[in-house]
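One structure is given below, encoded as C-alpha cells.
Bear in mind these aren't lab numbers, they're just calculated from the coordinates by the rules spelled out. What you see is a predicted model; the values in this text were computed from it and never measured. All Cβ positions, glycine included, derive from the backbone under ideal geometry; neighbour counts span all protein chains shown.
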2 protein chains.
Amino acid sequence: MTDETINIEGAVCAPPLHHNEQIVMGHGAGGRMSHQLIQKAFLPAFQNPALQAGDDAALVDAGLRQQLSISTDSHVVFPLFFPGGDIGKLAVCGTVNDVAMLGAKPLYLTAGFILEEGLQMESLQRVIVSMKEAAEEAGVHIVAGDTKVVQKGKADGLYITTAGIGVVRADVNVSGANAKAGDAVILSGTIGDHGIAVLAARGELGFQSSLQSDVAPLNHLIAAMLDASPNIHVLRDPTRGGLATTLNEIATQSNVGILLDEKTLPIHPEVAAACEMLGFDPLYVANEGKLVTMVPREDVEKVLAAMRKTRYGEGAVIIGEVTAEPKSRVLLKTNLGTTRVVDMLAGEMLPRIC
Amino acid sequence: MTDETINIEGAVCAPPLHHNEQIVMGHGAGGRMSHQLIQKAFLPAFQNPALQAGDDAALVDAGLRQQLSISTDSHVVFPLFFPGGDIGKLAVCGTVNDVAMLGAKPLYLTAGFILEEGLQMESLQRVIVSMKEAAEEAGVHIVAGDTKVVQKGKADGLYITTAGIGVVRADVNVSGANAKAGDAVILSGTIGDHGIAVLAARGELGFQSSLQSDVAPLNHLIAAMLDASPNIHVLRDPTRGGLATTLNEIATQSNVGILLDEKTLPIHPEVAAACEMLGFDPLYVANEGKLVTMVPREDVEKVLAAMRKTRYGEGAVIIGEVTAEPKSRVLLKTNLGTTRVVDMLAGEMLPRIC
C-alpha cells in the first residue's frame, strides 16, 4: 500500500459471530458480513470441496462423463416489479448466470415459491410469464417446483428460490481462483443499473428516472466468449455487493492483486447522478446482467470482439489488470491520479435488492 | 361407485383461477387447490415433459450416461423446532426423499436461506447442525447455498428452500404413472405423526403428547427396496395432503383405482386420539418419513422383508391393492364394511406443516 492508499471501508468492521448475536440486514447484503456468516456458520457444518471453492456455483462430479455446475439463489427483491424486470426474471437470470459462470451450459432450473396469503393471482401470473420468457431466452427448462403459502404479512408478496444445473464444457477451467498476474480485467457493460432501478421503483430517488435494471441471462454471452477463448481464467457476475465485492472475492480466491482504472469504468449518467445524490459508490451497487472476466493478455482482443457482438456484451471494456501484489487486494487508480484500496462491502447498503 | 360410496371431500370445491383471485392458505396445503394452482398457473408457462410427468422430482437427461432426478421444496414450517426435528432436518430430508422417489441415489443438495432480521444466531446454528446431521445420515453433500435477510416480521425466523439432484439407477423405472392393477400397496409405517407433532409443538393439542415427527431420510430404505426388487412400480412420500392426496395423485397419473383396507392402516394411538379430538382424518395428515409403494404381487414378500430390515421401514405393511376400476379413484373399505371414496385434500387443513 502506498501513502496515497485510503481504505474506504476499513473503518466499518463486522463483529465476529457469537451465539447471542442476531441476524441483521447486513448479513444479507452480500458483503463482508455475509461472508463472515457463511465462513463461520455454514461452511464448518457443510464442508465439502465444491462448497469451499467459494464460487457462485458448485462444480460436482456425479460419476458421469462431464462435471456439473450447480447453484441456488433465494430472491426477496422489493418491490416485486421494477423498471426492466421483476422478481421472476431475476430468479431465472440470477441462477442461470451463476451456473454459467463456471463455464457451464445451464440446462435445468427448479423454482420454490413462498407466496403470501392475499397475493393477487394476476401478480403471480405476471411473474410466471416473466420467468417463462427469461427461461426461453436462456434456453433452460424449469423442471421442478414447489409452492408454499404463508399468512398475510409474512412475506412481501412472494419469494422465489431457484436452483440450476448445467454441464461444464470439457475444454474450459474457469474459477474465481484462476486469476493470474498479467490478466486483463474486462467488464461487460455499465455498473449499478440494477440497484438504482430498484431504488427508483421504491420511490427513493426523489427524481424521475428512465433507468432500467440490467437483469438478463448471460449464458449466451459466456458461450460466445468461451468459443472465442477457452483459456478464460475467471467469469463472475457482480451482483449483491457490486463490482467491488466481487473483485475482492476473486483477489482473495486467486491470491492476487487487482488494479482498476477509474476512468475506464462505464457508468450510466443517471446512475452516476443518483449515486452522487445518495452518497453511494457505484462500485458497490448491484448488477444483474453484467459479468467481469479475467483473460490472458494474448486472448483479450478476440474475447472483447466476441463480447461486443452479443446483446449483453456490446459495452465490454477493459477496466484494469491482475497484479502479483498486493495480494488479496483491489486497488483503484482514481481520476485524480491517486490510488486507493477498494474493500468489499462491509455491511448493508441497499437491502432487498435481489 | 357403489351406493355406499360417500365422497367425503367432494362438497368442498376449489374455484377455478381468475385474474382477480387472491392466494389463500389452501393454495399451499398440497391438496386440490395446490394442484389447481399448479395446473392452471405454473404448468402452462413452464411446460416440459419432466415437469408434466407430475412426480415429486423431475427426470432429466443432461446428455450424460445416466438420467438425473431433480427436485425442490420450500420449507416454511412453524414453529421452527418441533418434537423429532426442525426446519433444517425437514429441508434436507424432504428433498432427499423426493429425489430418491424416482429410484435415484441423491448426491447433492443446494440450500437457499431467507432469514428474518433479529433471528438468534443460536437458532440458525441449531438448524445448520441439524441439516449437517441429516445430510450425513442421507450421504448427500450440500454444495451450494445462498442467504438473504428480510426485515423483522417478514418471515417467521427463517425459510429454507432446498433443491437436490441424484443419479437414477439404470435398472429401475419408478414413477407415479406406473401403478398396475394387481399391484400391492405397501406403506412403510404409521401415518400422521409429523402433522400431529407439529400441532403439539404449537400447543394446539390441548394435552401433553410424547409424539415425535417421523421426519427422516428414506433414501437408504429405497435403495434396500430396489436391491430386493428393481421391478417396483411406484415410490412416493405422502407429505402435505397426507396419504389420501398422494394416493389420489398416483391413481390419476396411472389411470387406475386404489382400494385401501382401513383395518390395515397403521396409526399411532396418540395420532388417532388427536385426530378424533380435532376432527381430522389421519389420511390427510402430513408425514415426512414415510413412503407408499406399488409393487408387483410376485415381489411383495421380498420387498416387505427388505423394508422391515431397515430403520425407517420396520413397520411396513400391505394396506391395499391397485385395481383396474374405478379409474383415478381411491376407495377405502372401512372397518364397518362399507366402501367410501377417499378424495384428495380439498383446501387447507394444517397450514405451515412443512
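Name the shape class, rounded, prolate or oblate, that the alpha-carbon gyration tensor gives for the range B:184-341, where a ≥ b ≥ c are the square roots of its eigenvalues, rounded holds for a/c under 1.5, and otherwise prolate holds if a/b is larger than b/c and oblate otherwise.
Details: a/c = 2.02, a/b = 1.29, b/c = 1.57.
Since a/c reaches 1.5 but b/c is at least a/b, the shape of the range B:184-341 is classed as oblate.
Using the 10 angstrom Cβ neighbour count as an exposure proxy, how do B:I267, B:I165, B:I186, A:I23 rank, fewest first?
Working: B:I267 17, B:I165 31, B:I186 22, A:I23 25.
Final ranking by Cβ density, sparse to dense: B:I267, B:I186, A:I23, B:I165.
Pick from A:R169, A:R236, A:R65: which is most flexible by mean-square fluctuation in a GNM of chain A where alpha carbon atoms under 10 Å apart are linked?
So, out of A:R169, A:R236, A:R65, the one fluctuating most is A:R65.
Among A:Q212, A:Q120, A:Q67, which one shows the highest mean-square fluctuation when chain A is modelled as a Gaussian network with alpha-carbon springs under 10 Å?
Highest fluctuation of the listed residues: A:Q120.
Inside 10 Å of the C-beta atoms of B:155-168, what's the mean count of C-beta atoms belonging to other chains?
Working: counts 7, 4, 1, 1, 10, 3, 15, 6, 15, 4, 9, 1, 3, 0.
Mean shielding by partner chains, rounded to a whole number: 6.
Taking each label point as 7 Å beyond Cα in the direction of the beta carbon, state the distances from B:P230 to the same residue in the other copies, shortest first, in nm.
3.5
Take every DSSP beta bridge whose two residues both sit in the range A:73-166, then give the antiparallel share in percent to the nearest 5. Kindly include the intermediate steps, with their values, before the conclusion.
Details: 14 of 23 bridges.
Looking only at bridges with both residues in the range A:73-166, the antiparallel portion is about 60 percent.
In deg cm²/dmol, rounded to 500, what helix-only [θ] at 222 nm does the protein assembly as shown give when every DSSP H run of at least 4 residues adds -39500 (n - 2.57) and the total is split over its residues?
Result for the protein assembly as shown: -8000 deg cm²/dmol, rounded to the nearest 500.
Distances in nm, one decimal, shortest first, from A:S328 to the same residue in every other copy, taking the label point 7 angstrom along Cα→Cβ.
Copy-to-copy label distances at A:S328, shortest first: 6.2 nm.
What list do you get for B:M121, A:M131 if you sort them by fewest beta carbons within 10 Å? Could the numbers behind the result be given before it?
On the way: B:M121 18, A:M131 27.
Least to most surrounded, the residues fall as B:M121, A:M131.
Starting from a label point 7 Å past Cα on the Cβ side, list the distances from A:A177 to the same position in the other copies, nm, shortest first.
Ordered by distance, the counterparts are at 4.2 nm.
Springs between alpha-carbon pairs under 10 angstrom, Gaussian network model over chain B: which of B:G85, B:G176, B:G145 fluctuates most?
Top of the fluctuation ranking is B:G145.
Add +1 for every Lys or Arg and -1 for every Asp or Glu among the other residues with Cβ under 15 Å from the Cβ of B:A62, and state the total. Intermediate values should be presented prior to the final figure.
Values: positive: A:R65, A:K105, A:R169, B:R65; negative: A:D61, B:D61.
Charge balance in the 15 Å sphere: +2.
Using only alpha carbon pairs under 8 Å that are at least six residues apart, calculate the relative contact order of the range B:56-168 and give it in whole percent. Please list the in-between numbers first.
Values: 239 pairs, mean separation 46.5, N = 113.
Relative CO of the range B:56-168 lands at 41 percent.
Going by how many other Cβ atoms sit within 10 Å of their own, how do B:L235, B:L205 line up, fewest first?
Values: B:L235 28, B:L205 18.
Going from least to most buried by this count: B:L205, B:L235.
Considering only DSSP beta bridges whose two residues both sit in the protein assembly as shown, what percent are antiparallel, to the nearest 5? Present the calculation step by step, with values, prior to reporting the outcome.
On the way: 86 of 116 bridges.
So the antiparallel bridges amount to about 75 percent of the total.
Calculate how many DSSP beta bridges within chain B are antiparallel, expressed in % of all such bridges and rounded to the nearest 5. Show your work: numbers first, answer last.
Details: 42 of 57 bridges.
In chain B, approximately 75 percent of DSSP beta bridges are antiparallel ones.
With a cap of 15 neighbouring Cβ atoms within 10 Å, and only residues DSSP puts in a loop, list the GluC sites (Glu not before Pro) found in the range B:298-332.
Values: sites: B:E298, B:E301, B:E314, B:E321; in loops: B:E314.
Those satisfying the criteria are B:E314.
Find the percent of Cα-Cα distances in chain A that exceed 25 Å, and round it to a whole number.
Details: 32395 of 62481 pairs.
Here the long-distance tail beyond 25 Å is 52 percent of all Cα pairs in chain A.
Which entries of A:K40/A:K333; A:K152/B:K148; B:K180/B:K333; A:K180/B:K105; A:K148/B:K333; B:K302/B:K333 have Cα-Cα distances beyond 29 Å here?
Working: A:K40/A:K333 33 Å; A:K152/B:K148 20 Å; B:K180/B:K333 20 Å; A:K180/B:K105 39 Å; A:K148/B:K333 33 Å; B:K302/B:K333 26 Å.
Checking Cα-Cα distances, A:K40/A:K333; A:K180/B:K105; A:K148/B:K333 exceed 29 Å.
With N denoting the number of residues in the protein assembly as shown, provide Rg(C-alpha) divided by 2.2 N^0.38 Å, to two decimal places.
Normalised by 2.2 N^0.38 Å, the Cα Rg of the protein assembly as shown equals 0.98.
Determine the shape class of the range B:56-168: with a ≥ b ≥ c the square roots of the Cα gyration tensor eigenvalues, call it rounded for a/c under 1.5, and otherwise prolate if a/b is greater than b/c, oblate otherwise. List each step's numbers first, then the result.
On the way: a/c = 2.45, a/b = 1.96, b/c = 1.25.
Since a/c reaches 1.5 and a/b is larger than b/c, the shape of the range B:56-168 is classed as prolate.
Mind checking which aspartates and glutamates have their Cα closer than 14 Å to the Cα of A:K154? Skip sequence neighbours fewer than 8 apart in that chain.
Counting by Cα, and skipping residues close in sequence, A:K154 has these aspartates and glutamates nearby: A:E116, A:E117, B:E116, B:E117, B:D156.
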